[in-house]
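Some notes on the structure that comes next.
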Amino acid sequence: MSDLEREKAAIVDELEGKRYTHKALRERVADRHDCSEAAVSRAISALHDAGVIEHKQGFFELTDD
C-alpha cells in the first residue's frame, strides 16, 4: 500500500462517526499516523475529488454513498 493510500485510509477511519475541520483532520492524522500535514492535505484532496468525503459547513465528513 502506498503512503497516499495509507493516509487516505487513515482519514476515512478518523471520519467514521465524527466531523473535522481541515486543520484538525490534517493535524490529527499527521500526529497519529506519523506523516506530514502536507501529505495528509493531498490525501484529503484526493478523497474529496473522488467523492468519498465532502466539505459541509466548515467540516469534512464521509459522503453517504
In region 19-28, how many are exposed (fewer than 14 other Cβ atoms within 10 Å of the Cβ) and not polar (S, T, N, Q)?
1
Sole residue being at negative phi, outside any loop (DSSP other than H, G, I, E, B) and modelled with pLDDT under 95, chosen from Arg32, Arg28, Arg42
Arg32
Just to be sure I understand, how many residues within region 5-25 are part of a helix (DSSP H, G or I) and over 9 Å from the mean Cα position of the chain (by Cα)?
4
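A quick yes/no check of all residues on (1) within 12 Å of Lys8 (Cβ to Cβ); (2) loosely packed, with under 15 Cβ neighbours inside 10 Å:
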site: Ala38; (1), (2): no, yes
site: Ala43; (1), (2): yes, no
site: Ala50; (1), (2): yes, yes
site: Gly58; (1), (2): no, yes
site: Glu61; (1), (2): no, no
site: Asp64; (1), (2): no, yes
Taking interchain pairs and intrachain pairs at least six residues apart, which have beta carbon atoms under 6 angstrom, with the first residue in region 34-53 and in contact (Cβ under 8 Å) with a residue 24 or more places away in the chain and farther than 17 Å from Met1 by Cα and the second in a helix (DSSP H, G or I) and open to solvent by less than 60 Å² (accessible area, probe 1.4 Å)?
Ile53/Leu47
Taking region 1-25 and keeping only residues that are on the phi > 0 side of the Ramachandran plot and touching a residue at least 40 places away in the same chain (Cβ under 8 Å), one is left with none
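The values are calculated or read from the model by the stated rules, or taken from the named source; none is laboratory data. Values in this document were obtained by computation on a predicted structure and should not be read as measured data. No Cβ is skipped: glycine too gets one built from the backbone with ideal geometry, and neighbour counts run over all protein chains shown. Accessible surface areas use protein heavy atoms only, side chains included; no ligands, DNA or RNA. Shrake-Rupley method; radii C 1.70, N 1.55, O 1.52, S 1.80 Å.
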